[in-house]
Amino acid sequence: TAAVSGRTFKLEQAAVIFGSITTKDGTPIHNSYVTVSAKAASDVGYGAAYTDMNGNYRINNLKAGKYTVKVSTTGYVEKVTSVRARKGESEELNLKLQLAGSISGQIRDVTTGLPVSYYTVRVRKESVTATADVNGYYTIDGLAPGKYTLYINSTTYKTITRSGVQVSANKETKNINFELEYK
């Protein structure tokens, strides 16, 4: 308890979440971005940190409660988990990331053959998307190895789907192209 200008404040000991981010084989991943956000509406606080050269991170000054921890970095699949931080304690959370793959291609109008700009390619059952550039090219990064279904839906063109697109770790699956047809 501390008094400031006639007001009394009750201070709590802060919680800390720390740990390391590594590859599946234990190699440290530096410069990963670790974010901590409130798990429930009643919890207060959040924080973020980048991992150091040894893959270590530390987020201080958290209120006790449940948090969602998200780790993202180039070339790896984003990892999301939850952890409970306890008042005055340090909670160790070590995470292993999986190498990611990517998908790229071009979107064209089937009638004219011209590139279609700024349409979004979506991955079914995933939150990742990509928007085509001015030349119709897109790249979707951060996908775990496996098979995916991609699609484009719009008010102008018919919905188009590409199923069974194989993604491998640390590789780009190229030429997954879309030819859009007017409705």
**Request:** Collect the residues in the range 81-105 that are open to solvent by 20 Å² or more (accessible area, probe 1.4 Å), more than 18 Å from P28 (Cα to Cα), part of a strand (DSSP E or B) and of a type outside the set (D, E), keeping them in residue-number order.
**Result:** T81, S82, R84, S90
**Prompt:** Taking interchain pairs and intrachain pairs at least six residues apart, which have beta carbon atoms under 6 angstrom, with the first residue in the range 91-111 and more than 12 Å from V167 (Cβ to Cβ) and modelled with pLDDT under 95 and the second in a strand (DSSP E or B) and aliphatic (A, V, I, L, M)?
**Reply:** E91/I17; E91/V83; E91/A85
**Request:** Any chance you could count how many residues in the range 116-154 are assigned to a loop (DSSP other than H, G, I, E, B), without any contact (Cβ under 8 Å) to a residue 60 or more places away in the chain and of a type outside the set (G, A, S)?
**Result:** 10
**Of all residues making up the range 48-78, the number that are touching a residue at least 24 places away in the same chain (Cβ under 8 Å) and open to solvent by less than 70 Å² (accessible area, probe 1.4 Å)** = 17
**Complete:** G113 vs (1) farther than 23 Å from A49 by Cα; (2) assigned to a strand (DSSP E or B); (3) open to solvent by less than 40 Å² (accessible area, probe 1.4 Å): all pass except (2)
**Request:** Kindly check whether there is at least one residue in the range 120-131 that is closer than 30 Å to I17 by Cβ and of a type in the set (S, T, N, Q).
**Result:** yes
**Item:** Top-ranked residue of the range 151-183 - restricted to ones that are of a type in the set (S, T, Y) and touching a Gly at 6+ places or on another chain (Cβ under 9 Å), ranked as farthest from Y118 (Cα to Cα)
**Value:** S168
**Message:** Checking the structure you have, find out if any residue of the range 29-45 is at positive phi and free of Cβ contacts under 8 Å to residues at least 24 places away in the same chain.
**Reply:** yes
**Fill in**
Scanning the range 169-183 for residues that are under 19 Å from A144 (Cα atoms), open to solvent by 50 Å² or more (accessible area, probe 1.4 Å) and in a loop (DSSP other than H, G, I, E, B) gives N170, K171, K174, N175
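To keep it simple, each residue is scored yes or no on (1) of a type in the set (D, E); (2) touching a Ser or Thr at 6+ places or on another chain (Cβ under 9 Å); (3) under 29 Å from V80 (Cβ atoms).
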residue: A144; (1), (2), (3): no, no, yes
residue: Y157; (1), (2), (3): no, no, no
residue: S168; (1), (2), (3): no, no, yes
residue: K174; (1), (2), (3): no, yes, yes
residue: K183; (1), (2), (3): no, yes, no
**Prompt:** H30 versus (1) at pLDDT below 95; (2) assigned to a loop (DSSP other than H, G, I, E, B): which is the lone unmet condition?
**Reply:** (1)
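The values are calculated or read from the model by the stated rules, or taken from the named source; none is laboratory data. Everything numeric here is computed off the predicted structure, so don't read it as measured data. Quick reminder, even Gly has a Cβ in these numbers, built from the backbone with ideal geometry, and neighbours come from all protein chains shown. Note: areas computed on protein heavy atoms with side chains; ligands, DNA, RNA excluded. Shrake-Rupley method; radii C 1.70, N 1.55, O 1.52, S 1.80 Å.
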